[in-house]
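One structure is given here, and the rest of the page talks about it.
The values are calculated or read from the model by the stated rules, or taken from the named source; none is laboratory data. Since we're looking at a predicted model, the values are computed, not measured. Ideal geometry is used to build each Cβ from the backbone, glycine not excepted, and the neighbour counts take in all protein chains shown.
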């Protein structure tokens, strides 16, 4: 068989293997938001190193296989890798750009992103070309590749069937995103609540959007985004703007855009359609709405009291639980119509000033501490407490209580 034909065949097989890999291990991030069940997207988005490895490792491995195969057939492995890259770039970045063009959604930042992905693949294949001779003694012959490929197909079918048979908790990614709120700078959380109060946006809704955006667009990505020509969303809230917004500015803009986004609560139940509609006002992406809805339900059911305060939000919301040395630090915010008491072992621990820690003129943020020997505490919400009230008076004023389990 003429060498040029062999070069085309080996390069095409390598491009098909790469295409098959990226079809099976689909990653929509960062071009699109990922859903709560997209574990690979979540994993590669956590750092630039992870994303680079995900984009670089498969082309490098396939490139080494193609180059060593070309050497054994006595054909140019440099031209083989060139063909592989051209076909791979056409099937991935090229197809993405053409499809967006015909849909009328093509933007400069997407073109830049697709070009960067192609460049990463080119670098990986160049490294494969430079190191192919080192791998040649370790690489099997082409007949072994066929055996491995057939074995891989059988294993893939078995794994696929096992995945269908096993259950999967779709709340895992969203749950982790909600828990990450505690690791965001406190000033961002407080600014979100303050702006939500000013624009009459439901607090859990605002925090769900903050958690989702922070998970989908981590800090390293937001920094890189500023260097991309044509980028149109900035800051932790990813608000669309023609200027560079800081995280706080993006929060302010997002809450302004959501002004009046209140939710009708009946005790602890909120119709999902209301939540989805308000989320769509921020971002109409189906994946974003699905992910943020799950985060909202996680926040609403895992850290809030059942009853609603005068501001339309849960009377009690636990915003952070953290071990500090030999004690627990518990941060809670509450509606303005109640006073909070931390009850340990059935006895009131502290009565807090109703005007302490005002957040956005509507919520009060209060911090409790208790020994790490305690496995749970109750946060009680009381009505107006008269001066000189004793324990019996306090129990008669109880309007709600929320139990916090400490791990």
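Looking only at residues in the range 284-308 that are surrounded by fewer than 18 Cβ atoms within 10 Å (Cβ to Cβ) and within 20 Å of residue 341 (Cα to Cα), the one that is farthest from the chain's Cα centre (by Cα) is 306. Mind listing just one residue for me: the one in the range 355-374 that is more than 30 Å from the chain's Cα centre (by Cα) and at pLDDT 65 or above and, of those, surrounded by the fewest Cβ atoms within 10 Å (Cβ to Cβ)? Only one residue tops the list, namely 373.
The residue that is nearest to residue 78 (Cα to Cα), among those in the range 115-135 that are touching a helix residue (DSSP H, G or I) at 6+ places or on another chain (Cβ under 7 Å) and without any contact (Cβ under 8 Å) to a residue 40 or more places away in the chain, is 122.
Considering only residues of the range 223-247 that are more than 25 Å from residue 275 (Cβ to Cβ) and outside any loop (DSSP other than H, G, I, E, B), which is modelled with the lowest pLDDT? Only one residue tops the list, namely 234.
Checked against (1) surrounded by fewer than 20 Cβ atoms within 10 Å (Cβ to Cβ); (2) modelled with pLDDT of 80 or more; (3) touching a helix residue (DSSP H, G or I) at 6+ places or on another chain (Cβ under 6 Å), residue 320 passes all but condition (2).
Given the structure, is residue 107 farther than 21 Å from residue 131 by Cα, outside the structural domain of residue 228 (by TED's automatic domain parsing) and without any contact (Cβ under 8 Å) to a residue 24 or more places away in the chain? Break it down stepwise before answering.
Numbers: farther than 21 Å from residue 131 by Cα: yes; outside the structural domain of residue 228 (by TED's automatic domain parsing): yes; without any contact (Cβ under 8 Å) to a residue 24 or more places away in the chain: no.
No, not satisfied.
Scan the range 46-60 and report the pairs whose first residue is more than 17 Å from residue 93 (Cα to Cα) and not assigned by TED's automatic domain parsing to the domain that holds residue 218 and whose second residue is crowded, with 16+ Cβ neighbours inside 10 Å and modelled with pLDDT under 85, with Cβ atoms within less than 6 Å and a gap of 6+ or a chain change. So the pair list comes out as 50/44. Which residues, taken from the range 51-75, are surrounded by fewer than 18 Cβ atoms within 10 Å (Cβ to Cβ) and within 15 Å of residue 12 (Cβ to Cβ)? The one that is surrounded by fewer than 18 Cβ atoms within 10 Å (Cβ to Cβ) and within 15 Å of residue 12 (Cβ to Cβ): 73.
Report yes if some residue within the range 16-23 is under 30 Å from residue 238 (Cα atoms) and surrounded by fewer than 20 Cβ atoms within 10 Å (Cβ to Cβ); otherwise report no. Lay out the reasoning, then the answer.
Of the residues in the range 16-23, the ones under 30 Å from residue 238 (Cα atoms) are 22-23.
So of that shortlist, the ones also surrounded by fewer than 20 Cβ atoms within 10 Å (Cβ to Cβ) come out as 22-23.
Yes, because at least one residue in the range 16-23 is under 30 Å from residue 238 (Cα atoms) and surrounded by fewer than 20 Cβ atoms within 10 Å (Cβ to Cβ).
Return yes or no: is residue 82 within 19 Å of residue 11 (Cβ to Cβ) and either in the same structural domain as residue 144 (by TED's automatic domain parsing) or in contact with a helix residue (DSSP H, G or I) (Cβ under 7 Å, 6 or more places away or on another chain) (or both)? Spelling it out, residue 82 is indeed within 19 Å of residue 11 (Cβ to Cβ) and either in the same structural domain as residue 144 (by TED's automatic domain parsing) or in contact with a helix residue (DSSP H, G or I) (Cβ under 7 Å, 6 or more places away or on another chain) (or both). Remark: residue 311 falls outside the filter, which requires a residue to be closer than 30 Å to residue 111 by Cα, buried (at least 17 other Cβ atoms within 10 Å of the Cβ) and modelled with pLDDT under 80.
Of all residues in the range 136-190, those satisfying the criterion of being outside any loop (DSSP other than H, G, I, E, B), touching a helix residue (DSSP H, G or I) at 6+ places or on another chain (Cβ under 9 Å), modelled with pLDDT of 70 or more and farther than 30 Å from residue 334 by Cα are 136, 138, 156.
Quickly run through the range 186-203 and pick out the residues that are in contact with a strand residue (DSSP E or B) (Cβ under 9 Å, 6 or more places away or on another chain) and surrounded by fewer than 24 Cβ atoms within 10 Å (Cβ to Cβ). Within the range 186-203, 186, 189, 190, 194, 197 meet the criteria.
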